[in-house]
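Structure, as structure tokens:
The values are calculated or read from the model by the stated rules, or taken from the named source; none is laboratory data. None of the values given here were measured: they were computed from a predicted structure. Cβ placement follows ideal geometry from the backbone for every residue including glycine, while neighbour counts extend to all protein chains displayed. Protein only, heavy atoms only, side chains kept; ligands, DNA and RNA dropped before computing areas. Shrake-Rupley method; radii C 1.70, N 1.55, O 1.52, S 1.80 Å.
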Amino acid sequence: MSDNPLRRFPGTGTAALAFFVFLYAPVVVLIALSFNSGRSSTLWEGFTFDWYGVVLDNPDILRAAKNSLIVGTISTVLSTMLATLAAIGLDRARFRGMNAVNSVIALPLVVPEIVTAVATLIFFLSIGLKLGLGTVILAHVVFCIPFAYLPIKARLEGMPIAYREAAADLYANEWQTFRRVTLPLLWPGVIAGAMLAFITSLDDFVITYFVAGPGASTLPIYIFASLRMGVTPEVNAISSLMLVVSILFVSVSAWIGRRSK
Amino acid sequence: MGEGVGSCIPAIEARSVVKSFPGGAVALDHVSIDIRPNEFFTLLGPSGCGKTTLLRLIAGFEQPTAGEIYLDGERIEHLPPFRRPINTVFQSYALFPHMTVGQNIAFGLEMQGIAKAEIARRVAEMLALVKLEGFEGRKADQMSGGQQQRVALARALANKPKVLLLDEPLSALDLKLRKEMQFELKRLQTETGITFVFVTHDQEEALTMSDRIAVMSAGRVLQVGAPRDIYENPEHRFVADFIGETDFLDAMVEASDDAGVRYRLSSGAFIDGPPQDFNAGASVALSTRPERLHLGDAAGDGLAGTIDAVVYFGTDTTFHVALDGGAGSIRVREQNIAGKPFPFDRGDRVTIQMPRAAVRAFRDFKG
Ligand SMILES: Nc1ncnc2c1ncn2[C@@H]1O[C@H](COP(=O)(O)OP(=O)(O)O)[C@@H](O)[C@H]1O
Ligand SMILES: [Mg+2]
């Protein structure tokens with residue numbers, strides 16, 4: 001630790017401090033303001049839970065939250081299943097173009113989201129899909145796959161082939177081997193992948209904004225729309241709630257990953 | 001090991017088996033072996049000679065590139081591993097980490113659809129067989145290497161396979177435990193009567209445990225035989241070199257007939273050996289084993305040389321002797337007798353007595 005040569009450069013500590021302040025100070029302020037009893041975003045007027053109550057009483061917010069949950073759950077389940085199948089299908093496969101296939105699966109991670117958003121919208125319109133919750137789910141399943149795929153693939157690659165051979169040696173056919181050995185050993189990767197997929201879906205704004213029809217607003221869309229009326233403590237409260245959910249999911253996924261090492 | 005045993009149907013037969021891997025590596029080059037029912041059969045050879053590959057072909061994890069494999073006279077190459085009544089003890093043990101010891105042992109039985117009560121009975125029987133009663137509820141990673149080894153054995157034996165394959169199962173254990181497990185394995189094989197195919201690169205392990213040994217080198221089986229056979233009558237220079245201690249001397253065949261062969265060393269000295277199929281003038285590698293030779297004083301009969309080094313081993317002492325005329329260097333081993341030091345030391349002039357039967361020659365090429 002202490003023999004890191006970077007430590008000896010003057011200003012390293014200051015730079016690191018500045019980095020953390022810029023990154024986290026706004027988040028801390030946002031959370032603090034969600035408990036501010038006044039409507040001002042600059043003046044502290046006292047502590048209150050009222051804004052959380054307001055949030056939970058607002059039917060528009062509840063509808064958006066429900067949409068987010070529906071989209072998140074369905075796209076997580078579907079993308080995780082597809083990612084698991086892809087990882088197992090590509091495991092130890094040695095064919096020409098295998099690298100290409102792997103790259104294509106991970107491609108959505110590097111393609112600018114706005115490009116995907118426009119392309120997806122044009123595609124949906126051109127095949128005559130009516131924009132709504134269905135199109136949002138479809139789009140989310142697709143862009144969540146790489147997030148689910150990477151941890152599952154990593155887990156599978158770290159699993160010695162001997163376990164599967166031992167199962168086959170002990171009279172388990174392919175399906176029994178998958179059910180009784182491969183899947184249980186892969187499970188932490190699957191859970192981690194699903195968590196990542198869920199928070200990615202929960203958080204997505206750009207693609208959702210393009211392909212959501214009327215009535216299909218998710219929480220990020222609602223927040224963006226309500227900002228036109230200025231930053232309200234209400235928005236701070238929803239954002240804080242989303243932050244809590246995200247942190248929860250990431251922690252659980254990290255914990256599962258560590259525990260099964 | 002009478003004639004009758006050899007004539008029955010082999011438990012495992014490999015016929016001209018070839019295995020090449022993509023990229024060109026030929027791991028097995030026309031391997032043919034017969035493994036008899038109920039025998040402890042060992043594949044012995046240096047690392048990379050194809051032992052694991054042959055085992056994996058028998059287990060069904062790999063397909064032969066050419067050739068046939070038979071189990072009790074039936075071809076099995078086309079069968080997946082789970083259709084072969086053969087079980088494997090993996091080098092890494094490969095115990096399922098998400099299952100207990102009991103669940104590991106029960107796994108194969110469950111997959112075969114055996115009734116619950118019978119499974120419970122067999123698991124208990126196996127735990128007793130490998131002396132792990134009371135460990136049923138433990139996870140694999142809560143056990144020592146030696147215990148995991150026993151669980152792996154129990155898991156494989158629980159299925160009463162026709163053949164048990166063991167890939168260097170003892171190589172991860174320390175010396176004392178390894179000796180113990182060698183004894184255990186031999187006991188299990190005798191008690192269960194199951195055919196064992198055992199892989200090792202350790203010649204001593206092979207000699208002490210096996211009914212028969214196949215010595216492999218570079219994807220080929222060089223010689224198959226009982227330990228004594230392999231040790232005393234190696235058919236290849238490689239086999240002589242790999243098993244036991246052997247010294248080689250370059251020599252020419254001076255004369256050869258039904259009575260024996262006379263060899264001439266590069267120094268001009270002669271050595272007589274038993275009859276072998278050589279023509280006069282052939283260039284050969286002469287082999288001797290240290291424990292078959294004896295030292296005499298300089299006036300004695302035999303090859304003359306000078307002692308280069310003396311290595312004390314407790315039960316015996318090995319003398320390294322440089323032969324006169326630069327003919328080479330060979331080792332001679334003498335038993336130590338309590339309280340009586342050997343009368344030779346470094347730098348002493350000696351002669352080596354070489355009984356005819358201790359001399360064996362190979363055509364002079366490697367392998
Ligand atoms: N999957 C594989 N792909 C390519 N070459 C392999 C593979 N498995 C084994 N080999 C090669 O085949 C030869 C024999 O290997 P192996 O059977 O593992 O030897 P051993 O068990 O006697 O040490 C080696 O040269 C090894 O590199
Ligand atoms: Mg090997």
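Side notes on the structure shown:
- Given (1) in a loop (DSSP other than H, G, I, E, B); (2) on the phi < 0 side of the Ramachandran plot, number of the condition A:Gly128 does not satisfy: (2)
- Among the residues here, B:Asp229 does not qualify as of a type in the set (Asp, Glu), outside the structural domain of B:Pro46 (by TED's automatic domain parsing) and open to solvent by 60 Å² or more (accessible area, probe 1.4 Å).
- Lone unmet requirement of (1) away from every other protein chain (no Cβ under 14 Å); (2) within 21 Å of the chain's Cα centre (by Cα) for A:Phe124: (2)
- Strands (runs of 3 or more DSSP E) contained in the range B:298-364 and holding at least 1 residues more than 27 Å from B:Ser283 (Cα to Cα), open to solvent by 30 Å² or more (accessible area, probe 1.4 Å) and aliphatic (A, V, I, L, M): B:303-312
- Residue list for the range B:99-143, restricted to those being crowded, with 20+ Cβ neighbours inside 10 Å and of a type in the set (Phe, Trp, Tyr): B:Phe107
- Here B:Pro10 does not fit the description of being at pLDDT 95 or above, assigned to a loop (DSSP other than H, G, I, E, B) and crowded, with 16+ Cβ neighbours inside 10 Å.
- Scanning the range B:46-60 for residues that are near ligand 1 (Cβ under 8 Å from one of its atoms), part of a loop (DSSP other than H, G, I, E, B) and over 14 Å from the mean Cα position of the chain (by Cα) yields a count of 1.
- All conditions but one from (1) closer than 28 Å to A:Met195 by Cβ; (2) open to solvent by less than 60 Å² (accessible area, probe 1.4 Å); (3) free of Cβ contacts under 8 Å to residues at least 24 places away in the same chain apply to A:Tyr52; the one that does not is (3).
- Residue among B:Val224, B:Val215, B:Val197 that is over 18 Å from B:Gly48 (Cβ atoms) and within 16 Å of ligand 2 (Cβ to nearest atom): B:Val197
- The number of residues in the range B:62-94 that are open to solvent by less than 40 Å² (accessible area, probe 1.4 Å), in a loop (DSSP other than H, G, I, E, B) and either within 15 Å of ligand 1 (Cβ to nearest atom) or more than 14 Å from chain A (Cβ to nearest Cβ) (or both) comes to 3.
- Residue in the range A:164-184 that is in contact with a His (Cβ under 6 Å, 6 or more places away or on another chain) and assigned to a helix (DSSP H, G or I) present: yes
- Residue in the range B:179-199 that is within 16 Å of ligand 1 (Cβ to nearest atom), in contact with a Ser or Thr (Cβ under 7 Å, 6 or more places away or on another chain) and within 14 Å of chain A (Cβ to nearest Cβ) present: no
- Residue among A:Leu85, A:Leu125, A:Leu90 that alone is open to solvent by 60 Å² or more (accessible area, probe 1.4 Å) and closer than 27 Å to A:Ile191 by Cα: A:Leu85
- Exactly one residue out of A:Ala65, A:Ala86 is at pLDDT 90 or above, within 28 Å of A:Glu165 (Cα to Cα) and assigned to a helix (DSSP H, G or I): that is A:Ala86.
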